[in-house]
Amino acid sequence: MARHELGEIIATRELVLRDGTPVIVSIGKPLPFPDDPPPANYFCPYSITGLKEPRHSHVGGVDAVQALELTLKLIGVLLAASEEGKRGDIRWLDGAARNYGFPPVPGLQSHPPRWRPMTRADLAAVAHIAAIVHPDYPEDPAIAAERLALDPTGCFVFDGADGPAAYLLSHRWIDAAPPALDTHLHALPAHPDVWYIHDIALLPETRGRGAARAIVEELDTLARAHGLHRIALVAVNNSVPFWTRHGFTDATTPALAEKLATYGGDARYMTRDLI
């Protein structure tokens, strides 16, 4: 049997692309290299189908166990390094498992830190991060779920080494009319004129790595694509200097006092005009 042929399949895993296309990982039974004198080294064949560039190959090891172990690790790396993996299009268990469930390779992070679109599978992690970062600004987890349902294009998660480490919730809205804290929207406005950042939270490990700047730039592009020329938010927890560094200016007016009070005494309404 050629080394790249699967032969007897001992395990399979089905993943799925964002468009619903299945990605099938198949692993063959480890066998001794036919040309090796005893005690022979082993090879483990595998295949990955459903990607733009499918894989059919094998991994060698000193025995059957090592060949299988190295094959599992390599498959995780190959999936993450694929064109679809880099785009964040490959899902397993609705996106809940890191590394697609394959063993991580020490010293090699198969999922580089990046922002990606949020899914419903991320909502538990969003609630966990919110409880850590915003203990003084609690919201029902249903608020994040509603924002995601209403405007999924504006909701993102930042993947760290061990899973989601930051999130952003944003949506189309009306300028100078920020929703009160912990309030359902029920629907988006028919004629929005601003892209509104409802919430952003970054765990300490994510800060200082350019994550906030990267997502603001992403929102610039997103807002323009919807014909909007301003981004707005409510700055809390003494974050005005932070947002000022990212091009936002204080646009607070007396008419906003009542709504801003739900966010705390230091809350300020800030905007960033897109030139």
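Please treat every number below as a calculation from the coordinates, not as lab data. It should be emphasised that the depicted structure is a prediction, and the values quoted were computed from it without experimental measurement. All Cβ positions, even for glycine, are placed from backbone atoms using ideal geometry, and neighbour counts span all protein chains on display.
How large is the dipole of the chain about the Cα centre if only Lys and Arg carry +1 and Asp and Glu carry -1, each at its Cβ, rounded to the nearest 20 debye?
Value, rounded to 20: 400 debye.
If I build a Gaussian network model for the chain, linking alpha-carbon pairs within less than 10 angstrom, which residue out of Asp250, Asp19, Asp199 has the largest mean-square fluctuation?
Asp19
Could I have the simple spin-label model distance between Thr221 and His56, label points 7 Å from Cα toward Cβ, reported in nm to one decimal?
Each label point lies 7 Å from its Cα, and together they span 3.6 nm.
Can you give the three extents of the C-alpha atoms in the range 114-273 along their principal axes, from longest to shortest, in whole Å?
Ordered largest first, the range 114-273 gives principal extents of 43, 33, 30 Å.
State to the nearest 20 debye the size of the charge dipole of the range 9-101 about its Cα centre, where the only charges are +1 on K and R beta carbons and -1 on D and E beta carbons.
280
Quick one: which residues, 5+ away or cross-chain, put their amide H under 5 Å from the amide H of Asp199? H built at 1.01 Å from N.
Those lying under 5 Å, H to H, from Asp199 are Leu169.
Along the charge dipole of the chain, Cβ charges K/R +1 and D/E -1, which of Cys155, His246, Phe102 sits furthest on the positive end?
The residue sitting farthest along the positive end of the dipole is His246.
Counting Lys and Arg as +1 and Asp and Glu as -1, each charge on the Cβ, what is the dipole of the range 114-273 about the Cα centre in debye, to the nearest 20?
Working: 14 positive and 20 negative charges, 84 e Å.
With Lys and Arg at +1 and Asp and Glu at -1, about 400 debye.
What ratio of Cα Rg to 2.2 N^0.38 Å holds for the range 9-101?
That works out to 1.17 for the range 9-101.
Take Ile143, Ile275 and order them by how many other Cβ atoms sit within 10 Å, fewest up front.
The most exposed by this proxy come first: Ile275, Ile143.
How large is the helix-only mean residue ellipticity at 222 nm for the chain, computed as the sum of -39500 (n - 2.57) over DSSP H runs with n ≥ 4, divided by its residue count, in deg cm²/dmol to the nearest 500?
On the way: 7 runs with 69 residues, N = 275.
It lands at -7500 deg cm²/dmol.
Out of Gly85, Gly208, Gly163, any idea which swings most in a Gaussian network model of the chain, alpha carbons joined below 10 Å?
Between Gly85, Gly208, Gly163, it is Gly208 that shows the largest mean-square fluctuation.
Compare Pro254, Pro135, Pro22 in a GNM of the chain, Cα atoms joined below 10 Å, and give the one with the largest fluctuation.
It is Pro254.
If a paramagnetic tag sat 7 Å from the Cα of Arg209 along the Cα-Cβ line, which residues of the range 129-157 would have the backbone N under 17 Å from that point?
Answer for the range 129-157: 129-130, 133, 156-157.
Once the cut-off is 33 Å, how many percent of the Cα-Cα pairs in the chain end up in the long-distance tail?
36
Computed FRET efficiency, Cβ-Cβ of Val65 and Ala161, R0 30 Å: what is it to the nearest 0.05? Spell out each step's value before the answer.
Numbers: r = 27 Å, r/R0 = 0.90.
Efficiency, from the Cβ-Cβ distance: 0.65.
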